[in-house]
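Worksheet: one structure, shown below.
The values are calculated or read from the model by the stated rules, or taken from the named source; none is laboratory data. Remember, it's a predicted structure, so these values are computed and weren't measured experimentally. In this analysis, Cβ positions are derived from the backbone assuming ideal geometry, glycine residues included, and neighbour counts consider all displayed protein chains.
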Amino acid sequence: MPSLDCPEKETLEEVGLDAPWNVVVHNDPVNLMSYVALIFRRVFGFSREKAEAHMLEVHRKGRSIVWTGSREQAELFVQQLHGHLLLATIEPAPQTQ
Amino acid sequence: MKLQAADDGAMLLEEIPPFLFRLLGEIPGRASSKHPRVEARFFPEPGSDQELIEDWKTLVEPELHVLFQSARETVRADLRGASASKGGFSMRIPKPHGDAWLGALNQARLAIAEESGFDEKDMAAEVVPDPEDPRAMTLFQIGFYGFLQECLVRMQD
């Protein structure tokens, strides 16, 4: 049986309560680009340019980190994005030393 | 079909051919699909944390159900207000209903695409409506809803 590399385990406890979280939006083939940009402007208050830059990042790279901050706020943003049927998740932001 | 903005910000749809009006009438029903792939797409997991996923199902999903249902009901009511004449059907989407239409059209597009298993390539394909080709007709329906969404986005810009 081949050995498997065991990834370093990251538990939520290790990510402190005050640690920042990312809101990530993922690509899907159906949502219109103009619609996604509109929702970014509404939910995050982005300028047209910033909203379109994130929308294009989602389209080209498959995902874009659209916001980083407290977990509670990140969850609220994801809830709003799901309300507009955008694929969004939260994930712990990498900690800088 | 003619689309124009009214002075009060409403979107006016006039001379809608019966075939396109039938597609408009299908928005709430298509958006209400209970297909497992549609359910999974409408209510995605918010992350990998199991506790968050369970809380989400209990607390957030019921609110999303209400939100989606409300958008479909608004569209249904506006469709009931349509009138028929010799030139086709006419209806208006009041400005305060724009978000509900955007949402319901999005629901319908996503639901149809999930039910049909369409991928990025399918969605980008040029489609000519052909009554003999159910797949082409389904893609046309998604495209028609997308066109209306684009018009609503522009009106809200």
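Only one of these conditions is not met by B:Gly117: (1) more than 28 Å from B:Arg154 (Cα to Cα); (2) surrounded by 16 or more Cβ atoms within 10 Å (Cβ to Cβ). Which number is it?
The failed condition is (2).
Among the residues in region B:117-124, are any within 12 Å of chain A (Cβ to nearest Cβ), in contact with a strand residue (DSSP E or B) (Cβ under 9 Å, 6 or more places away or on another chain) and more than 19 Å from B:Gly25 (Cβ to Cβ)? Break it down stepwise before answering.
So in region B:117-124, the residues within 12 Å of chain A (Cβ to nearest Cβ) come out as B:117-124.
Going one step further and asking which of them are in contact with a strand residue (DSSP E or B) (Cβ under 9 Å, 6 or more places away or on another chain), we end up with none.
So far as region B:117-124 goes, no, none of its residues is within 12 Å of chain A (Cβ to nearest Cβ), in contact with a strand residue (DSSP E or B) (Cβ under 9 Å, 6 or more places away or on another chain) and more than 19 Å from B:Gly25 (Cβ to Cβ).
Could you please let me know if B:Gly47 is over 15 Å from B:Phe144 (Cα atoms) and either more than 9 Å from chain A (Cβ to nearest Cβ) or not basic (Lys, Arg) (or both)?
Numbers: over 15 Å from B:Phe144 (Cα atoms): yes; either more than 9 Å from chain A (Cβ to nearest Cβ) or not basic (Lys, Arg) (or both): yes.
For B:Gly47, the condition - over 15 Å from B:Phe144 (Cα atoms) and either more than 9 Å from chain A (Cβ to nearest Cβ) or not basic (Lys, Arg) (or both) - is met.
Can you tell me which residues in region B:61-112 are among the hydrophobic types (A, V, I, L, M, F, W, C), within 14 Å of chain A (Cβ to nearest Cβ) and surrounded by fewer than 13 Cβ atoms within 10 Å (Cβ to Cβ)? Quick ask: steps written out before the conclusion?
Restricting attention to region B:61-112, the residues satisfying the condition of being among the hydrophobic types (A, V, I, L, M, F, W, C) are B:64, B:66-68, B:71, B:75, B:77, B:79, B:82, B:84, B:89, B:91, B:93, B:100-102, B:104-105, B:108, B:110-112.
Filter once more, keeping what is within 14 Å of chain A (Cβ to nearest Cβ): B:64, B:66-68, B:71, B:100-102, B:104-105, B:108, B:110-112.
Listed by number, the list holds a single entry, B:Val66.
Just give me the residues in region B:19-31 being at pLDDT 95 or above, more than 15 Å from A:Gly83 (Cα to Cα) and of a type outside the set (Asp, Glu), in sequence order. Spell out the reasoning first.
Quick first cut of region B:19-31, residues at pLDDT 95 or above only: B:20-31.
Subsequent filtering for residues that are more than 15 Å from A:Gly83 (Cα to Cα) retains B:20-30.
Across region B:19-31, the qualifying residues are B:Leu20, B:Phe21, B:Arg22, B:Leu23, B:Leu24, B:Gly25, B:Ile27, B:Pro28, B:Gly29, B:Arg30.
Of the residues in region B:116-137, how many are closer than 17 Å to A:Leu32 by Cα and modelled with pLDDT of 90 or more?
1
State the number of residues belonging to region B:1-31 that are in a loop (DSSP other than H, G, I, E, B) and without any contact (Cβ under 8 Å) to a residue 60 or more places away in the chain.
If we filter region B:1-31 for residues that are in a loop (DSSP other than H, G, I, E, B), which is where we start, we get B:1, B:6-10, B:17, B:26.
Within this subset, residues satisfying the condition of being without any contact (Cβ under 8 Å) to a residue 60 or more places away in the chain are B:7.
The qualifying residues number 1.
Considering region A:40-96 alone, what residues qualify as being in a strand (DSSP E or B), under 26 Å from B:Trp101 (Cβ atoms) and more than 10 Å from every other protein chain (Cβ to nearest Cβ)? Break it down stepwise before answering.
So in region A:40-96, the residues in a strand (DSSP E or B) come out as A:63-69, A:87-92.
Of the ones still in play, those that are also under 26 Å from B:Trp101 (Cβ atoms) are A:66, A:87-88.
Of everything in region A:40-96, just one residue is in a strand (DSSP E or B), under 26 Å from B:Trp101 (Cβ atoms) and more than 10 Å from every other protein chain (Cβ to nearest Cβ), namely A:Val66.
Among the residues of region B:103-155 satisfying the criterion of being out of contact with any Leu (no Cβ under 7 Å at 6 or more places or on another chain) and polar (S, T, N, Q), which is nearest to B:Leu24 (Cα to Cα)?
Among those that are out of contact with any Leu (no Cβ under 7 Å at 6 or more places or on another chain) and polar (S, T, N, Q), it is B:Thr138.
Residue check: is A:Ser34 modelled with pLDDT of 95 or more and among the small types (Gly, Ala, Ser)? Break it down into steps so the answer makes sense when it comes.
Numbers: modelled with pLDDT of 95 or more: yes; among the small types (Gly, Ala, Ser): yes.
Yes; evaluated as a whole, the condition is true for this residue.
I'd like the full set of residues that are of a type in the set (Gly, Ala, Ser) and either more than 11 Å from chain A (Cβ to nearest Cβ) or more than 23 Å from B:Ala108 (Cβ to Cβ) (or both), limited to region B:1-39. Break it down stepwise before answering.
As a first pass, look at region B:1-39 and keep what is of a type in the set (Gly, Ala, Ser): B:5-6, B:9-10, B:25, B:29, B:31-33.
Selection gives B:Ala5, B:Ala6, B:Gly9, B:Ala10, B:Gly25, B:Gly29, B:Ser32, B:Ser33.
Step by step: first the residues of region B:129-142, then only those that are away from chain A (no Cβ under 11 Å) and touching a residue at least 12 places away in the same chain (Cβ under 8 Å), then the one that is farthest from the chain's Cα centre (by Cα). Which residue is that?
Of region B:129-142, the ones away from chain A (no Cβ under 11 Å) are B:129-141.
With touching a residue at least 12 places away in the same chain (Cβ under 8 Å) added as a condition, the list becomes B:135, B:138-141.
Values: B:Arg135: 18, B:Thr138: 13, B:Leu139: 13, B:Phe140: 13, B:Gln141: 10 Å.
Result: B:Arg135.
Every residue in region B:67-117 that is assigned to a helix (DSSP H, G or I) and among the small types (Gly, Ala, Ser), please.
B:Ser70, B:Ala71, B:Ala77, B:Gly98, B:Ala100, B:Gly103, B:Ala104, B:Ala108, B:Ala111, B:Ala113, B:Ser116
Identify the single condition in (1) over 17 Å from the mean Cα position of the chain (by Cα); (2) modelled with pLDDT of 95 or more; (3) within 29 Å of B:Pro94 (Cβ to Cβ); (4) surrounded by 13 or more Cβ atoms within 10 Å (Cβ to Cβ) that B:Ala5 does not satisfy, given that it satisfies every other one.
Single failed check for B:Ala5: (2).
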